[in-house]
Each structure stands twice: as structure tokens, then as C-alpha cells.
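The values are calculated or read from the model by the stated rules, or taken from the named source; none is laboratory data. Everything quoted here is computed from the prediction, not taken from an experiment. So basically every Cβ, Gly included, is an ideal-geometry build from the backbone, and we count neighbours across all protein chains shown.
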Amino acid sequence: MLASVSAHTQPNLILASSSPYRQEMLSRLNIPFSSKSPDVDESILPGETPLVLARRLALKKARAIAREAPEAIVIGADQVLDLHGVALGKPGSAEQARRQLSMLSGQTVMFHSALALVTPSSARIRVSTCKATFRRLSAVQIEHYLQIDQPFDTAGSAKAESLGIALLSSLESNDPTAIIGLPLIELTDLLALVGLDPLIPKTFDT
């Protein structure tokens, strides 16, 4: 899928994600890119912390696409919710999402949003962490939220880019975009290192 690119532009930047939210976020930087979903196993490894898991999966996703497009610059991203050292990933079902939100009710957690930028000659990783406190949620509130957002493919069952923001009573982060899963402040730094500074005018090949 091609995003934010004219029909005559051949981008060399690939977002290793099919998420429409990450695609929308990346389009804000006004750099031509394409997107492709990586086929990777996201299972947690024995003894792996939530932070290490997020870093590993972001890099794994980027490298999976880089193998298919070795000349490209590839962005990989992953977000893991850290509940007192326990990783909560995508629920995958309404039942599991209901269980996750019941666990998160009234809790303060960390959302680790990892970025990996892979080029033909390098690989760089950054992590932006958000501290979030969930409201005390009733069963009725949880059920209503699940019906509206259906957050079954979102870490911790909370889509902060939509109604999921109402689940939170506070949010602390050095990057307000990190909670969506693509920290644009960190990403801008990484892209500038490989000659794709969004604030420097460029003429792309046609």
C-alpha cells in the first residue's frame, strides 16, 4: 500500500506496518513512503522484559521488510504495555480485551513504543515510554468501550487515538505521539541521521 505519495513518486522509505494510525502519523512528516505489513512472530521470549520485547519486535519487523527491499530505508515499530513488569500485548479477542482492561483498571502502567530504522548499512533503535494511569473502570464502561473501539489488535486493549483516551486519567510522555505507537520526535531524529530530515526541502525522483 502506498501512503502520502503521488502516483509519480518512487519512495525509498518503507513503513513496516499495516496500521492506518501509524501510516497517518508518518504522513505528517511529509516524506514519501510506502507501507508493507511484516510477517513476524510476536511471541514473548522466556524472561524477556516488556521494554526488551518492544525493542526486539520493532527491529525484527524492520529487518523482515528490509530483506525484501535491501536498498530501502525501513521503519519498524512496536508497542508493549508494561504492567509492573508484565508485558501485555494485543488481546486478539473480546474476552481477552475484557480481561486486560479489568486488570488495568486503576493501575499506572508504561507504554513502551519502540522504533527501529534499518538501512542497507545500519540499524538504529529508539524507545519512547509513556506513563499512563487508567481510570477505575466499571464492567459497564469496559463493555461499552469494547463495543465502540474493538481494540483487539492494540497493546493493552486501549486505542488512545480514539475513544481509548477516555480510559486514562493521566498521561506523561516526552513525545505526545508515542502513545499512538509511532513516536514522531524520535523518528524525526533517526530520519535526519540518514538524510531524510523532514524540515529540509528535497526533490524526489520521478
Within the stretch 138-187, the count of residues that are on the phi < 0 side of the Ramachandran plot, surrounded by 17 or more Cβ atoms within 10 Å (Cβ to Cβ) and of a type outside the set (Asp, Glu) comes to 21
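Which one is farthest from residue 159 (Cα to Cα) among residues in the stretch 119-143 that are touching a helix residue (DSSP H, G or I) at 6+ places or on another chain (Cβ under 9 Å) and among the β-branched types (Val, Ile, Thr)? Spell out the reasoning first.
The first filter runs over the stretch 119-143 and keeps only residues touching a helix residue (DSSP H, G or I) at 6+ places or on another chain (Cβ under 9 Å), leaving 119-120, 122-130, 132, 134-135, 137, 139, 141-143.
Of the ones still in play, those that are also among the β-branched types (Val, Ile, Thr) are 119, 125, 127, 129, 142.
Working: 119: 30, 125: 24, 127: 19, 129: 16, 142: 13 Å.
Of everything passing the filter in the stretch 119-143, 119 is farthest from residue 159 (Cα to Cα).
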How many residues, within the stretch 130-149, are of a type in the set (S, T, N, Q) and either closer than 30 Å to residue 68 by Cβ or in a helix (DSSP H, G or I) (or both)? 2
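Mind telling me which of the residues 187, 196 ends up being under 26 Å from residue 124 (Cα atoms), part of a loop (DSSP other than H, G, I, E, B) and in contact (Cβ under 8 Å) with a residue 40 or more places away in the chain?
The unique qualifying residue is 196.
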Single residue of 128, 121, 138 found to be of a type outside the set (A, V, I, L, M), without any contact (Cβ under 8 Å) to a residue 40 or more places away in the chain and closer than 30 Å to residue 192 by Cα: 121
Would you check which residues across the stretch 39-56 are surrounded by 20 or more Cβ atoms within 10 Å (Cβ to Cβ) and either hydrophobic (A, V, I, L, M, F, W, C) or at pLDDT below 95 (or both) and list them? 53, 54
Of everything in the stretch 29-38 that's more than 15 Å from the chain's Cα centre (by Cα) and part of a strand (DSSP E or B), which residue is surrounded by the fewest Cβ atoms within 10 Å (Cβ to Cβ)? 34
Enumeration of residues in the stretch 74-103 that are within 14 Å of the chain's Cα centre (by Cα) and outside any strand (DSSP E or B): 89, 90
